[in-house]
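Chemist: Got a structure for you, questions after.
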Amino acid sequence: MLRTPTTRPRVRRLVSAAAAATATALLLTACSGTGNGNGAGNQAAAKDGSVTVAAGDITAENFNPFSSTALQPTLGVIYEPLYWYNFAKQADPTPMLATGYSWNAAGTELTIKTRRDVKWNDGRPFTAKDVAFTFNLVAKTPALNPSGLAATAKATADDTAVLTFKSKSLMQEPAVLANQAIVPEHIWKDIKDPTTNLNKNPVGTGPFKVKSYTPQSFVLTKNDQYWEQGKPEIKEVRYLPVTSADAASAALVAGKVDWASAYLPGIDNIIKSGKNLTYVNTPVMTTVIVTCSNAQLGCAGPQTDPAVRKAIYLAMNREQLAKLAGGGVAGVGSPTLLLPGRDDEWIADPAKAKLPQSADAAEANKLLDAAGWTKGGDGVRTKAGQRLSLTIQTVTGWSDYISINDTLKQQLAAVGIELKPSQVSWNEWNAAQTNGKFQLSLDSVGLGASTNPYFTYDGKLATVNTAPVGKTATSGNQARFSNPVVDAALKVAAGTTDKAAQKAEYAKIQDVIADQLPYIPVYVNSMLTEFNTSRATGWPTKDNLYVLPAAWKAWDAGIVLKTIKPAA
């Protein structure tokens, strides 16, 4: 399938730490005035209809829509797809740059009608030729199409593009329609390497375009040529680096940012401190321990033994983890990696609907004993001279994940597993996972092209979406997992839209992953998003989730920023 950059949110959770002081000072310096969450601290912004978004690290001026490290607003705010799916609820896809589509009877050709009267932000017209160019660029660029499954395309009219697939590809529909930024042919035809170009002057069709950039902040300004009449109403959007929960909390309370997505312990008390502060929680992603599981592809360490992965799964006290790390807003996950409640119709075996909440140390010990891991004098197991010691990485600043690792260290010690938590930068964490240079890594799963399980299972489990250690697995299978039963089931599921037939295939996959555990699920993590309503109205609410509201969420961020209005 096509690359799915939306599955790798760059900023998700922030930490309470002394290091927060630097980021907080930088943030407060970047803004003017003082305030207390009621907007008094940014009166200039209130007058000109601008809003400020808390971004994560701003490490490079990268607006390349094909890059997994592009800056936060690249997908959705500057570049747009053909359609958009709302993951916050069950709903039909919303037309963006397309107005209609249809498949041929064989499921190998997808005809797309494109929207007329759309212009790129440099004034040139958008046509179906740009759509065809984009998909042909992906198809001919191995790094953008590692599985080799992407469609080739041609424009048969100014408003019609026809995509041709090598085989029946009905399940490619959401990825093609809603998870691929369309780029202008007149710009990208001259770019020699679309995978490395930073695209510092992005030309998109989205509601905003780049006005200015510095390593300390960047500003987007309204695209006056935007195709949706009357939108956007906000004039400018400023992105500031906010790399800690303390910085995010301070900025919200001081009225310095209007939109942040940060895990803030004690959020109810923080929100109460400002009359214009509010938040929503939209838990849709499952926290997992990604294991570099496949020794044949170069993974090294005790985690390549399925018995060890199973023992970790059993030795977890998830109730304690949810209390200490989840802050009381985490939910119960499923060994199927799907979302209990929303995805019940796809979970074949009710026994696999929910994760165990208490630890089963006796069963974990039994498994490790049977696998030949024996306890040494210091309580840590060994096998053939190898110590059962594992390093687990997370990102500096992700406070709940740091708490998970610290708690797990104690829980796993009870069964003779030594866990060594480490914290690294986002770039280091991302590079380690994609290149297989890790043993265990905390991450989350659950965002694909649509809510159909295919988009979780294909990206995370298909052999075509992984790579040997040392090579990048940018398509998502960073566990290096490979299983013929899973591959065959995915192939069958991809060729049909019959839900019953798909569910039968997903049942086979669920049996395998519950046994092999290349991704060890922990819980459904919270997704907290905070708003200051003093400068803009129309933000998503619990009762009006017109998007998945996280500020980092690709595509959805563009919907939010063209929907909100300056406050009166």
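Chemist: Collect the residues in region 314-325 that are in a helix (DSSP H, G or I) and either open to solvent by 50 Å² or more (accessible area, probe 1.4 Å) or in contact with a helix residue (DSSP H, G or I) (Cβ under 8 Å, 6 or more places away or on another chain) (or both), keeping them in residue-number order.
Modeler: From region 314-325, those in a helix (DSSP H, G or I) are 314-315, 318-324; that's our starting set.
Listed by number, the residues that qualify are LEU314, ALA315, GLU319, GLN320, LEU321, LYS323, LEU324.
Chemist: Still on this model: In region 214-252, how many are closer than 22 Å to SER425 by Cβ and surrounded by fewer than 16 Cβ atoms within 10 Å (Cβ to Cβ)? Reasoning before the result, please.
Modeler: Step one: filter region 214-252 for residues closer than 22 Å to SER425 by Cβ, giving 214-218, 239-251.
With the extra rule that they be surrounded by fewer than 16 Cβ atoms within 10 Å (Cβ to Cβ), the set shrinks to 214-216.
The qualifying residues number 3.
Chemist: Could you please find all residues in region 114-129 being open to solvent by 10 Å² or more (accessible area, probe 1.4 Å) and in a helix (DSSP H, G or I)?
Modeler: LYS129
Chemist: Do the conditions hold for GLY476, that is, is it assigned to a loop (DSSP other than H, G, I, E, B) and touching a residue at least 12 places away in the same chain (Cβ under 8 Å)?
Modeler: Working: assigned to a loop (DSSP other than H, G, I, E, B): yes; touching a residue at least 12 places away in the same chain (Cβ under 8 Å): yes.
It is true that GLY476 is assigned to a loop (DSSP other than H, G, I, E, B) and touching a residue at least 12 places away in the same chain (Cβ under 8 Å).
Chemist: Yes or no: GLY379 surrounded by 15 or more Cβ atoms within 10 Å (Cβ to Cβ) and assigned to a loop (DSSP other than H, G, I, E, B)? Show your work before the answer.
Modeler: Numbers: surrounded by 15 or more Cβ atoms within 10 Å (Cβ to Cβ): no; assigned to a loop (DSSP other than H, G, I, E, B): yes.
For GLY379, the condition - surrounded by 15 or more Cβ atoms within 10 Å (Cβ to Cβ) and assigned to a loop (DSSP other than H, G, I, E, B) - is not met.
Chemist: Please go through region 511-534 and pick out each residue that is in a helix (DSSP H, G or I), of a type outside the set (A, V, I, L, M, F, W, C) and in contact with a helix residue (DSSP H, G or I) (Cβ under 6 Å, 6 or more places away or on another chain).
Modeler: Our first condition is that a residue be in a helix (DSSP H, G or I); within region 511-534, this holds for 511-516.
Then drop every residue that is not of a type outside the set (A, V, I, L, M, F, W, C), which leaves 511, 515-516.
Answer for region 511-534, where residues must be in a helix (DSSP H, G or I), of a type outside the set (A, V, I, L, M, F, W, C) and in contact with a helix residue (DSSP H, G or I) (Cβ under 6 Å, 6 or more places away or on another chain): just GLN516.
Yes or no, residue by residue, for (1) open to solvent by 10 Å² or more (accessible area, probe 1.4 Å); (2) within 24 Å of GLN172 (Cβ to Cβ); (3) basic (Lys, Arg):
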position: SER399; (1), (2), (3): yes, no, no
position: ASP406; (1), (2), (3): yes, no, no
position: LEU412; (1), (2), (3): no, no, no
position: VAL424; (1), (2), (3): yes, no, no
position: ASN427; (1), (2), (3): yes, no, no
position: GLY470; (1), (2), (3): yes, no, no
position: ASN477; (1), (2), (3): no, yes, no
position: ASP487; (1), (2), (3): yes, yes, no
position: THR497; (1), (2), (3): yes, yes, no
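Chemist: Can you pull out every residue in region 422-468 that is in a loop (DSSP other than H, G, I, E, B) and at pLDDT 90 or above?
Modeler: Within region 422-468, the subset in a loop (DSSP other than H, G, I, E, B) is 425, 436-439, 446-453, 462, 466-468.
The answer is SER425, GLY436, LYS437, PHE438, GLN439, PRO453, ALA462, THR466, ALA467, PRO468.
Chemist: Follow-up. For region 488-507, give me the residue count where each residue is under 18 Å from TRP103 (Cβ atoms), touching a residue at least 40 places away in the same chain (Cβ under 8 Å) and assigned to a helix (DSSP H, G or I).
Modeler: Looking only at that region, the number is 4.
Chemist: Separate question: Evaluate the following for ASP258: is it open to solvent by less than 50 Å² (accessible area, probe 1.4 Å), acidic (Asp, Glu) and under 30 Å from ASP122 (Cβ atoms)? Quick ask: steps written out before the conclusion?
Modeler: Details: open to solvent by less than 50 Å² (accessible area, probe 1.4 Å): yes; acidic (Asp, Glu): yes; under 30 Å from ASP122 (Cβ atoms): yes.
Yes; evaluated as a whole, the condition is true for this residue.
Chemist: Among the residues of region 555-568, which ones are open to solvent by 10 Å² or more (accessible area, probe 1.4 Å) and touching a strand residue (DSSP E or B) at 6+ places or on another chain (Cβ under 7 Å)?
Modeler: Looking only at region 555-568, we keep the residues that are open to solvent by 10 Å² or more (accessible area, probe 1.4 Å), and these are 555, 559, 562-563, 565-568.
Those that are open to solvent by 10 Å² or more (accessible area, probe 1.4 Å) and touching a strand residue (DSSP E or B) at 6+ places or on another chain (Cβ under 7 Å): TRP555, ILE559, LYS565, PRO566, ALA567.
Chemist: Look through region 101-113, keep the residues that are free of Cβ contacts under 8 Å to residues at least 40 places away in the same chain and not in a strand (DSSP E or B), and return whichever of them is surrounded by the most Cβ atoms within 10 Å (Cβ to Cβ).
Modeler: We begin by selecting, within region 101-113, every residue free of Cβ contacts under 8 Å to residues at least 40 places away in the same chain; these are 102, 104-105.
Still in the list and also not in a strand (DSSP E or B): 104-105.
On the way: ASN104: 11, ALA105: 6.
Out of the qualifying residues, it is ASN104.
Chemist: Yes or no: LYS209 over 22 Å from the mean Cα position of the chain (by Cα), open to solvent by 20 Å² or more (accessible area, probe 1.4 Å) and within 23 Å of ASN477 (Cβ to Cβ)? Quick ask: steps written out before the conclusion?
Modeler: Numbers: over 22 Å from the mean Cα position of the chain (by Cα): yes; open to solvent by 20 Å² or more (accessible area, probe 1.4 Å): yes; within 23 Å of ASN477 (Cβ to Cβ): no.
No.
Chemist: Could you please find all residues in region 51-78 being closer than 19 Å to VAL560 by Cβ, at pLDDT below 95 and among the small types (Gly, Ala, Ser)?
Modeler: ALA54, ALA55, GLY56, ALA70, listed by residue number.
Chemist: Inside region 86-100, can you point out the residues that are crowded, with 22+ Cβ neighbours inside 10 Å and either in contact with a Gly (Cβ under 7 Å, 6 or more places away or on another chain) or within 27 Å of ARG342 (Cα to Cα) (or both)?
Modeler: Once the filter is applied, which keeps residues that are crowded, with 22+ Cβ neighbours inside 10 Å and either in contact with a Gly (Cβ under 7 Å, 6 or more places away or on another chain) or within 27 Å of ARG342 (Cα to Cα) (or both), region 86-100 yields PHE87, MET96.
Residue-by-condition table, conditions (1) touching a Ser or Thr at 6+ places or on another chain (Cβ under 8 Å); (2) free of Cβ contacts under 8 Å to residues at least 12 places away in the same chain; (3) over 22 Å from GLN510 (Cβ atoms):
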residue: PRO302; (1), (2), (3): yes, no, yes
residue: GLN320; (1), (2), (3): yes, no, yes
residue: SER334; (1), (2), (3): yes, no, no
residue: LEU339; (1), (2), (3): yes, no, no
residue: ASP343; (1), (2), (3): yes, no, no
residue: ALA353; (1), (2), (3): yes, no, no
residue: ALA361; (1), (2), (3): no, no, yes
residue: LEU368; (1), (2), (3): no, no, yes
residue: GLY372; (1), (2), (3): no, no, yes
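Chemist: Count, please, the residues in region 272-287 that happen to be open to solvent by 20 Å² or more (accessible area, probe 1.4 Å) and either touching a Gly at 6+ places or on another chain (Cβ under 9 Å) or free of Cβ contacts under 8 Å to residues at least 60 places away in the same chain (or both). Walk me through it before giving the result.
Modeler: Start the filter on region 272-287 by keeping residues that are open to solvent by 20 Å² or more (accessible area, probe 1.4 Å), which leaves 272-273, 275-276, 278-279, 281, 283.
This time we only want the ones that are either touching a Gly at 6+ places or on another chain (Cβ under 9 Å) or free of Cβ contacts under 8 Å to residues at least 60 places away in the same chain (or both), so: 272-273, 275-276, 283.
Residues that pass the stated criteria total 5.
Chemist: Scan region 326-344 and give yes if some residue there is modelled with pLDDT under 95, open to solvent by 50 Å² or more (accessible area, probe 1.4 Å) and acidic (Asp, Glu), otherwise no.
Modeler: Among the residues of region 326-344, at least one is modelled with pLDDT under 95, open to solvent by 50 Å² or more (accessible area, probe 1.4 Å) and acidic (Asp, Glu), which makes the answer yes.
Chemist: Tell me, yes or no, whether region 113-120 has at least one residue that is out of contact with any helix residue (DSSP H, G or I) (no Cβ under 6 Å at 6 or more places or on another chain) and of a type in the set (Ser, Thr, Tyr).
Modeler: Narrowing region 113-120 to residues out of contact with any helix residue (DSSP H, G or I) (no Cβ under 6 Å at 6 or more places or on another chain): 113, 115-120.
Of the ones still in play, those that are also of a type in the set (Ser, Thr, Tyr) are none.
For region 113-120, residues out of contact with any helix residue (DSSP H, G or I) (no Cβ under 6 Å at 6 or more places or on another chain) and of a type in the set (Ser, Thr, Tyr): absent.
The values are calculated or read from the model by the stated rules, or taken from the named source; none is laboratory data. Keep in mind that what you see is a predicted model, and the values were worked out from it rather than measured. Positions of Cβ are backbone-derived with ideal geometry, glycine not excepted, and every protein chain shown enters the neighbour counts. Keep in mind that these areas ignore ligands, DNA and RNA; they rest on the heavy atoms of the full protein, side chains included. Shrake-Rupley method; radii C 1.70, N 1.55, O 1.52, S 1.80 Å.
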